[in-house]
Amino acid sequence: MLTLEEIFPPFGLILRTPRLELRLIRDEELPQLMEAVRSGIHEPGHSPFSVAWSEAPPEELPANTARFHWSARDRCTPQSWELAFGIWHEGELIGSQSLMAADFSAFKVVKSGSWIRRASQGQGLGKEMRAAILFYAFDFLGAEVAESAAAVWNQRSLGVSHALGYRDNGLHREPTAQGPAEIQQLRLEAADFRRPSWELEVEGHEAFARYIGLKA
């Protein structure tokens, strides 16, 4: 009988940093994820997301969150993929870090998005989990550019990006629950990545690389 990792190789991909483990969230772990969401991600009425999913009515939030992770799996194809990693710190699921690409073999560009529960903020974990996916994208997948974006008022997110070497790459406006917002676009080329002193440990890369059509 095939294992789940053999059926869907992204499930076997694990990234480890000195303090964190990043891997896809399985269905039985969704209740843990909901505990992190319900504990709070941001101040009420001050969502950093273009879609204020974290402020959905309490009765809708669990199913919405589950659907997002299920749909991310569905979007994880060789042509266009999204890895919606869970973030584990000291055995607890504390947030999510996504790494995504469209037509990666042609463009070599990745994008990212993330959140972390408020109780785990202010410890450098957001920077560490972003560094993990950048290490993986540049050193293992052969990405040449990483892109990100954040509202201009979200100095914590912009600070993480700038600390890792991203450069501002123009502004655009997006509608949000709080009204139109100025969004700072960011771009990081592989040579400009400000690498932490630690090394990334990776498990399951070869199978995932084959799955998306790359040479491991």
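Between a residue in the stretch 1-17 that is more than 16 Å from Trp81 (Cβ to Cβ) and any residue that is assigned to a strand (DSSP E or B) and charged (D, E, K, R), which pairs come within a Cβ distance under 6 Å, given they are 6 or more apart or on different chains?
That search, which allows pairs on different chains as well, returns Ile14/Arg23; Ile14/Glu203; Arg16/Glu201.
In the stretch 75-93, which residue that is out of contact with any helix residue (DSSP H, G or I) (no Cβ under 8 Å at 6 or more places or on another chain) and assigned to a loop (DSSP other than H, G, I, E, B) is surrounded by the most Cβ atoms within 10 Å (Cβ to Cβ)?
This residue is Arg75.
Collect the residues in the stretch 94-138 that are at pLDDT 95 or above, assigned to a helix (DSSP H, G or I) and of a type outside the set (A, V, I, L, M, F, W, C), keeping them in residue-number order.
Once the filter is applied, which keeps residues that are at pLDDT 95 or above, assigned to a helix (DSSP H, G or I) and of a type outside the set (A, V, I, L, M, F, W, C), the stretch 94-138 yields Lys127, Glu128, Arg130, Tyr136.
Can you name the condition, by its number, that Arg173 falls short on among (1) more than 24 Å from Gln32 (Cα to Cα); (2) in contact with a Phe, Trp or Tyr (Cβ under 7 Å, 6 or more places away or on another chain); (3) open to solvent by 20 Å² or more (accessible area, probe 1.4 Å)?
Only one criterion in (1) more than 24 Å from Gln32 (Cα to Cα); (2) in contact with a Phe, Trp or Tyr (Cβ under 7 Å, 6 or more places away or on another chain); (3) open to solvent by 20 Å² or more (accessible area, probe 1.4 Å) is unmet by Arg173, namely (2).
Against the definition (in contact with a Pro (Cβ under 8 Å, 6 or more places away or on another chain), crowded, with 16+ Cβ neighbours inside 10 Å and either among the small types (Gly, Ala, Ser) or modelled with pLDDT of 65 or more (or both)), how does Leu24 come out, yes or no?
Here the answer is yes, as Leu24 does meet what is asked.
Failed condition for Gln123, given (1) of a type outside the set (Lys, Arg); (2) surrounded by 14 or more Cβ atoms within 10 Å (Cβ to Cβ); (3) closer than 22 Å to Pro18 by Cβ; (4) touching a His at 6+ places or on another chain (Cβ under 9 Å), with all others met?
(2)
Among residues belonging to the stretch 150-172 that are modelled with pLDDT of 95 or more and assigned to a loop (DSSP other than H, G, I, E, B), point out the one that is nearest to Leu186 (Cα to Cα).
The selected residue is Tyr166.
Suppose the filter is more than 18 Å from Trp115 (Cβ to Cβ), over 19 Å from the mean Cα position of the chain (by Cα) and open to solvent by less than 40 Å² (accessible area, probe 1.4 Å); does Ala207 pass it?
yes
Would you check if there is a residue in the stretch 140-150 being in contact with a Ser or Thr (Cβ under 6 Å, 6 or more places away or on another chain), in contact (Cβ under 8 Å) with a residue 24 or more places away in the chain and open to solvent by 40 Å² or more (accessible area, probe 1.4 Å)?
No, the conditions are met nowhere in the stretch 140-150.
Go through the residues of the stretch 101-111 one by one and say whether even a single one is crowded, with 19+ Cβ neighbours inside 10 Å, out of contact with any Gly (no Cβ under 9 Å at 6 or more places or on another chain) and more than 15 Å from Ala209 (Cβ to Cβ).
no
The values are calculated or read from the model by the stated rules, or taken from the named source; none is laboratory data. Just so we're clear, the structure is a prediction, and the values are computed from it rather than from any experiment. Glycine also receives a Cβ, built like all others from the backbone with ideal geometry; neighbour counts cover every protein chain displayed. Surface accessibility is based on the protein's heavy atoms, side chains included, excluding ligands, DNA and RNA. Shrake-Rupley method; radii C 1.70, N 1.55, O 1.52, S 1.80 Å.
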